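Undergrad: I'd like to ask you about the structure that follows.
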């Protein structure tokens, strides 16, 4: 299957700082990537859909100014958590979908964010 | 918004036991996927079911899609400690080219040796 990487795998930051998380599709081009958030022992909640070359589509209740998404190339999407607070601490997972309609999503290994 | 309810939420069993996990929705799925996720990793796709009544087998795992395509089950035979993880069902929401995935509430399985 296709490989999706995330960087960093873990990050600890102080409250009020911004953190950038990268999601890369390593062996295919992804016109669409997705960002999820997961709390301990809970399911994945879709935050936003990242479309290459256009603005991201955010799910209801997700602050677009808080979670900035940029999909500048066909293999890279970034999620920036701005002015992070302890309640933003979570496991953030991205996925990438191959270009054809209905194709499987491949998930990254996740990034553990801890805000002190 | 969670559209898929899974049961049970938690399950702790001994090695060798059988178990069934359920995924239910009030609306019809066009297709449904099952994933397994280990701690600190992303989910990994196990199977996709598409046709009502469909049964798929993956070694000791048996997946069934309900006739009405509103529910699915995952049955594990002779569970092993390596089966431990979070099991998630997910359905696609048609959305033009994006095809978003909506995940179920999850079932956390612990298999004790």
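Undergrad: I need the calculated FRET efficiency for the pair residue A:9 and residue A:82, taking r as the beta carbon distance and R₀ as 30 Å, to the nearest 0.05. Please report the intermediate quantities before stating the final value.
TA: Details: r = 21 Å, r/R0 = 0.69.
So, using R0 = 30 Å, E works out to roughly 0.90.
Undergrad: Now for a separate question. At q = 0.15, 0.19, 0.30 Å⁻¹, what log₁₀ I(q)/I(0) does region A:1-46 have when each alpha carbon counts as one equal point scatterer in the Debye sum?
TA: Each listed q maps to, in turn, -0.55, -0.84, -1.17.
Undergrad: Continuing with this model, one more query. Counting other beta carbons within 10 Å of each Cβ, put A:64, B:70 in order, fewest first. Walk me through the numbers on the way to the answer.
TA: On the way: A:64 13, B:70 16.
The order, fewest Cβ neighbours first, is A:64, B:70.
Undergrad: Given the C-alpha centroids of region B:1-73 and region A:69-116, what is the distance between them in whole angstrom?
TA: 24
Undergrad: With springs only between Cα atoms under 10 Å apart, run a GNM on chain A and tell me which of A:84, A:72, A:56 wobbles the most.
TA: A:72
Undergrad: Counting other beta carbons within 10 Å of each Cβ, put A:12, A:21 in order, fewest first. Walk me through the intermediate numbers first.
TA: On the way: A:12 12, A:21 23.
Ordered by Cβ neighbours within 10 Å, fewest first: A:12, A:21.
Undergrad: Just want to confirm a number: the relative contact order over chain B, from Cα pairs under 8 angstrom separated by 6+ residues, in percent. Let's see the in-between values first.
TA: Details: 287 pairs, mean separation 41.1, N = 113.
Averaging sequence separation for qualifying contacts and normalising by length gives 36 percent for chain B.
Undergrad: Next question. Shape of region B:34-113 from its Cα gyration tensor (a ≥ b ≥ c, root eigenvalues): rounded if a/c is under 1.5, otherwise prolate when a/b > b/c, or oblate?
TA: Working: a/c = 2.47, a/b = 1.35, b/c = 1.82.
In terms of gyration-tensor shape, oblate.
Undergrad: Looking at chain A as a GNM with Cα springs under 10 Å, which of A:87, A:104, A:22 has the largest mean-square fluctuation?
TA: Sorting by GNM fluctuation, first place goes to A:87.
Undergrad: For chain A, what mean projected area does the convex hull of the alpha carbons give, in nm²?
TA: Working: hull surface 27.6 nm².
With the hull built on Cα positions only, its mean projection is 6.9 nm².
Undergrad: Which of these, A:75, A:17, A:32, has the largest mean-square fluctuation under a Gaussian network model of chain A (Cα springs below 10 Å)?
TA: A:17
Undergrad: What does the structure give for B:100-109 when I average, per residue, the other chain Cβ atoms found within 10 Å of the residue Cβ? Intermediate values should be presented prior to the final figure.
TA: Values: counts 9, 9, 5, 7, 2, 2, 5, 1, 2, 0.
Rounded to a whole number, the mean comes out at 4.
Undergrad: Tell me the relative contact order for chain A as a rounded percent, counting alpha carbon contacts under 8 Å between residues six or more apart.
TA: It comes to 37 percent, rounded to a whole number.
Throughout, read-outs are computed from the coordinates displayed, never taken from laboratory work. Treat the numbers as computed from the prediction; the structure is a model and nothing was measured. FYI the Cβ positions are ideal-geometry reconstructions off the backbone, even for glycines, and counts take in every protein chain you see.
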